[in-house]
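Each value in this text was obtained by applying a stated rule to the coordinates, not by laboratory testing. Keep in mind the model is a prediction, meaning the values are calculated, not measured. Cβ sites come from the backbone with ideal geometry, for glycine too, and all protein chains shown count toward neighbours.
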Amino acid sequence: MRRLLGSRAGAAGLVLLSAFVLMALLGPYILPFPDAAHHWRDISWWQDSPAAAPQLWVNGPWNSYSLPASRRLEAGEPRAVEEGNGGSRRLSWDFTLPRAPSGFARDLILRFEGEGGLFVTVSAIQADGSRTEIARESLELANGGSARVSLRQVRAAGIAVEAFASSGKPDVKSPNVLILGKSSGWLGTDASKRDIFTGIVLGARWALLLGVVVSFLTVLMGLVLGIVAACFGGIWDKGINRIYEFFSLMPLLPFLIVLSAAYKPSLWSFMALALLFFWTRAFKTVYARALQIKQEGYIEAATALGAGRWRRVSRHVLPSLLPYAFAVMALSVPGVIMYEASVSLLGLGDASVITWGQMLHDALVQGAVINRLWWWILPPGLMIALMGLTFGLIGRGLDKSLKLGGE
């Protein structure tokens, strides 16, 4: 560890890795939408956010224009209450909207909470006091639930809301109005109104889990097979090398295409195929190093003293190969993450899992490039590159520390 920290590349990689781990662990506490992991594909869950909105920090002295953020207006007591027969009520509220530039249209969401049936009418109030009805809708509130009325392209100084509660015992709270802004969050939103910063943080968990677990298993498999082939020789050497040649020459992408056509794509199937194909990346390095160690004098001395094959492997060969295995594993993580992103970008990934590759796939499918929504494409792409750089630096630091140790 001291040698790794003594290397600039290794120290920088460990700092970046610590930042990613903290991001993954502190995600539930720093996310603006803590339950987003369970509702990422639920479009109705994100309806209170603006669609394809840039970041809040675009509003600054560096820009000549200002994009307002979302704002919620709470209603006070009803302006008028009229009691009817059978316990029915007619309630009225007025909302004054913030001043907007001339001709500027805003999207509003009117939300009611309570219990019972409602018939709602909404009128736009102009600056001269004139009123024009812009919406009329029947709502049903059950068990203290909520209902919403979407108002699009409203150009007015305020709105007047009238609700007729027709149930026998109506229980309706004062509504609130959400003014959807033109900017939202630290990294903006996508076309489905999902918060991109939330997706970036949630994707870090899967990137670390997928990259580290798959790399560990594939390197472990390559380590075991490389040692067996080098130290046992004979039919083991020939058989394992033939299997290596088969899988190293066989492309993985056609298998994924066939698998996704026959079955629903899942992260577990990707991990299984990665384990089946990626062990070849560690095998040759371990195999060549094990053959070299096998010819060392201390191995011959151990053989002369009566040490068995398994004892020579466990006491001499394996401890010498473990540092190289860790370096190979660190260098394998970027490849796994990049491959998952590539597979997801092609639409062959697991759509139920929030990964940076899936975010890029959604951006490509929903026209982020054509519509110039750079804040939807750039963050996940940079995170994939930064994660790859992190483990690349750690692998380089391990490699340098091994060379210094060898000297």
Two decimals is fine: what is log10 I(q)/I(0) at q = 0.24 Å⁻¹ for the range 139-251, from a Debye sum with one equal scatterer on every Cα and no solvent?
-1.30
Förster radius 60 Å - calculated FRET efficiency between GLU296 and ARG111, Cβ distance, rounded to 0.05:
0.20
Only one of the listed values, [x] 28.7; [y] 30.6; [z] 37.3, was derived from the coordinates as mean projected area of the Cα convex hull in nm²; which label is it?
[x]
Any idea what angle helix 318-345 forms with the longest principal axis of the chain, computed on alpha-carbon atoms, 0 to 90 degrees, nearest 10?
40
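What ranking of PHE283, PHE255 emerges when the number of other C-beta atoms within 10 Å of each C-beta is taken as an exposure proxy, fewest first? Can you show the working numbers first?
Working: PHE283 26, PHE255 14.
With the fewest neighbours first, PHE283, PHE255 line up as PHE255, PHE283.
Hey, got the dipole for the chain? About the Cα centre, +1 on K and R Cβ, -1 on D and E Cβ, debye to the nearest 20? Don't skip to the end; give the middle numbers.
Details: 38 positive and 28 negative charges, 334 e Å.
In total the dipole reaches around 1600 debye.
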Can you give the angle from 0 to 90° between the axis of helix 196-232 and the longest principal axis of the chain, with both taken from C-alpha atoms, to the nearest 10?
20
What angle do you read, to the nearest 10 degrees and between 0 and 90, between the alpha-carbon axis of helix 234-249 and the longest principal axis of the chain?
30
Could you give the nm distance between label points at LYS284 and GLU74, where each point is 7 Å from its Cα heading toward the beta carbon?
6.7
Between the alpha carbon centres of the range 330-397 and the range 201-221 the gap in Å comes to 14
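For GLU245 and ALA19, calculate 0.36 nm times their separation in residues minus their Cα-Cα distance, and state this gained length in nm to one decimal. Spell out each step's value before the answer.
On the way: separation 226, 0.36 × 226 = 81.36 nm, distance 3.87 nm.
Roughly 77.5 nm would be gained on extension.
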Extended-chain gain in nm, criterion 0.36 nm per residue less alpha-carbon gap, THR96 and VAL258:
52.5 nm
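The range 311-407: which trypsin sites (Lys or Arg not before Pro) are DSSP loop and have at most 13 other beta-carbon atoms within 10 angstrom?
ARG372
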Percent RCO, i.e. relative contact order, over the chain, from Cα pairs under 8 Å lying at least 6 residues apart:
21
Largest first and rounded to whole Å, the semi-axes √(5λ) derived from the alpha carbon gyration tensor of the range 196-406 read 40, 20, 11
Approximate spin-label separation ASP128-LEU276, in nm, with each point projected 7 Å along Cα-to-Cβ:
7.4
For PHE119 and ALA351 in the same chain, what is the full-extension length gain: residue separation times 0.36 nm, less their Cα-Cα distance, in nm?
79.6 nm
Trypsin sites (Lys or Arg not before Pro) restricted to DSSP loop in the range 35-73 with at most 15 other C-beta within 10 Å:
ARG41
Roughly how many nanometres apart are two label points built 7 Å out from the Cα toward the Cβ at ASN371 and LEU389?
2.9
